[in-house]
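Working notes for the structure below.
The values are calculated or read from the model by the stated rules, or taken from the named source; none is laboratory data. All values derive from a computational prediction rather than experimental measurement. So basically every Cβ, Gly included, is an ideal-geometry build from the backbone, and we count neighbours across all protein chains shown. Heavy atoms of the whole protein, side chains included, go into the accessibility calculation; ligands, DNA and RNA do not. Shrake-Rupley method; radii C 1.70, N 1.55, O 1.52, S 1.80 Å.
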Amino acid sequence: MKTSITMNSLLRSTGSMIVLILFWIILATNYPDVLLPSPIVVVSVLFKLLGNPVFWSAFFITILSFLIGILLSLLLGSILGIAAGLSNKLKDFIKPLITLAQSIPPVSWMLFTVLWFGEQGGAQIFIIFVTLVPIFFFNVMKGILQTPQELLEIAQCFRVSRKKVIRDIYFPQLSPYLHSALLIAVGMGWKTIVMSELIVGHGGIGQQLSQARVFFDTPTVFAWTIILALVGLAMEFFLQRLLKQSI
Amino acid sequence: MLILENLSFSRNQKEIFKQFQLQIAPQTVTCILGSSGIGKTTLLRLIAKFISPDSGLISSPTGSLGYVFQEPRLLPSLTVFENIAWVSETVDVERINQLLKIAGLYHNKAHYPHQLSGGMKQRVSLIRAMVNQPALLLMDEPFQSLDVRLKKEMLQLVHTLWLDYQPTVLLVTHDLHEALFLGQRILIFGNSPTQILGDFTKQSSAFHPNDCLKMKELLSES
């Protein structure tokens, strides 16, 4: 019964994708490639890209900046979130700064970083970092603030070591909050890094997209877009599986 | 000796204790009875230093403290054994196993809290409170959510464990029968700010019948 429900759902999802591709094929016959290339043209460009070393170099630059940005924001966001969760005084001090950073749109940060960092790299990582730090900060702080007081009282009463309290009370408590923060951050971070590369430049998929756009090479823009979407989906899929296993 | 001297404590502008005095002899079981909201739990929380008094002095016996709360408060991610070992200063596997056997939980030691019944969880919480052989054991209505049969079993278990090394026990309860069974001294709290309305001590093996009558009278009044 469960298998047939899953199969039906899979068939419906595949059906919607087929309808979309058919619609795209029909629409593309009415327009030149520069406006709307057909899926066949896009797929052939995509395979050409995969065989080009420039593709892999751009791909790894983006992935590397993305990973460094995520890790740095996870680290600082979590540290600040823990500090703010444990101390009201620190919360009063840190929260307005993070709220301010969060309220500035990533595109503004992109323009600032062009001025501050130039095009010599580091800007993309900084943009990811300031965009994602608030996500980790608020989630971790919420997790700490919602730690069951009754368990902390047990620890206090029995004079349980700080190490045990962190490992057995705070860590299991924080885990779901960190998981959801990571999922949001990966989705948002992946889109932000490409956007920042597109605006700031200095290599990466974003810059490849920008070049293709400048040369009106729409099939290449489509091919990169498909790659970006697939990588984004794959990252979320594997992260979700990884997090499920860790529970 | 547990000594409370000139203890004052207010909450939401309501005076709960004012210049409150109490002395508890070591290695005795003292039961506190009184109506809800009179300050029984607050007194235990003050002694455990979860909250600070506005003024006054609390002098507790040296050594570790044990606390059995109204609810078991077990860590959901740890097994029965791990929950007990978690509060142990040095994990004495033999002692934990021995306590688990006394409580009839030895075969459940690898179970997680969600796999236990309410009574079992409360027994784990009791063993956890006693694993370090605390000089002072605070118990806050630990049997209130249990049915009559489980309550009887728990009372017997507390008595058995107490005989092990005889810690100073302060038990807050609503149930006079519990107090009569376990207590060597029974205090009845009343009024506002809280005062000790009755202070009764067990004579040899039981409380004097007149004292029992007086206790019932005070409890119905408070």
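Scanning the stretch B:199-216 for residues being farther than 12 Å from B:Ala179 by Cβ and not in a helix (DSSP H, G or I) gives a total of 7.
Select from the stretch A:118-138 the residues that are part of a helix (DSSP H, G or I) and without any contact (Cβ under 8 Å) to a residue 60 or more places away in the chain and write down the one among them that is surrounded by the most Cβ atoms within 10 Å (Cβ to Cβ). By that ranking, first place goes to A:Pro134. The set of residues from the stretch A:185-240 being small (Gly, Ala, Ser) and either free of Cβ contacts under 8 Å to residues at least 12 places away in the same chain or in contact with a Ser or Thr (Cβ under 8 Å, 6 or more places away or on another chain) (or both) comprises A:Ala185, A:Gly189, A:Ser196, A:Gly201, A:Gly203, A:Gly204, A:Gly206, A:Ala212, A:Ala229, A:Ala234. With the structure loaded, tell me whether B:Arg123 is touching an Asp or Glu at 6+ places or on another chain (Cβ under 9 Å), within 12 Å of another protein chain (Cβ to nearest Cβ) and of a type in the set (Lys, Arg) or whether it fails that test. The answer is no for B:Arg123. Scanning the stretch A:50-90 for residues that are among the β-branched types (Val, Ile, Thr) and within 18 Å of A:Gln207 (Cα to Cα) turns up A:Val54, A:Ile61, A:Thr62, A:Ile63. The test for being within 15 Å of B:Met139 (Cα to Cα) and within 14 Å of chain A (Cβ to nearest Cβ) does not hold for B:Pro76. Counting the residues of the stretch A:21-52 that are assigned to a helix (DSSP H, G or I) and open to solvent by 100 Å² or more (accessible area, probe 1.4 Å) gives 5. The residues in the stretch B:78-108 that are open to solvent by 60 Å² or more (accessible area, probe 1.4 Å) and assigned to a loop (DSSP other than H, G, I, E, B) can be counted, and the count is 4. Which one is farthest from B:Val91 (Cα to Cα) among residues in the stretch A:139-172 that are more than 14 Å from chain B (Cβ to nearest Cβ) and either open to solvent by less than 10 Å² (accessible area, probe 1.4 Å) or in a helix (DSSP H, G or I) (or both)? Result: A:Asn139. Can you tell me which residues in the stretch B:109-131 are out of contact with any strand residue (DSSP E or B) (no Cβ under 9 Å at 6 or more places or on another chain), assigned to a helix (DSSP H, G or I) and among the small types (Gly, Ala, Ser)? If the condition is that a residue be out of contact with any strand residue (DSSP E or B) (no Cβ under 9 Å at 6 or more places or on another chain), assigned to a helix (DSSP H, G or I) and among the small types (Gly, Ala, Ser), then B:Gly118, B:Gly119 are the ones that fit. Suppose the filter is more than 30 Å from B:Leu197 (Cβ to Cβ), within 14 Å of chain A (Cβ to nearest Cβ) and not hydroxyl-bearing (Ser, Thr, Tyr); does B:Ala110 pass it? Against the criterion (more than 30 Å from B:Leu197 (Cβ to Cβ), within 14 Å of chain A (Cβ to nearest Cβ) and not hydroxyl-bearing (Ser, Thr, Tyr)), B:Ala110 does not qualify.
A:Gln240 passes every criterion in (1) in a helix (DSSP H, G or I); (2) farther than 26 Å from A:Val140 by Cβ apart from (2).
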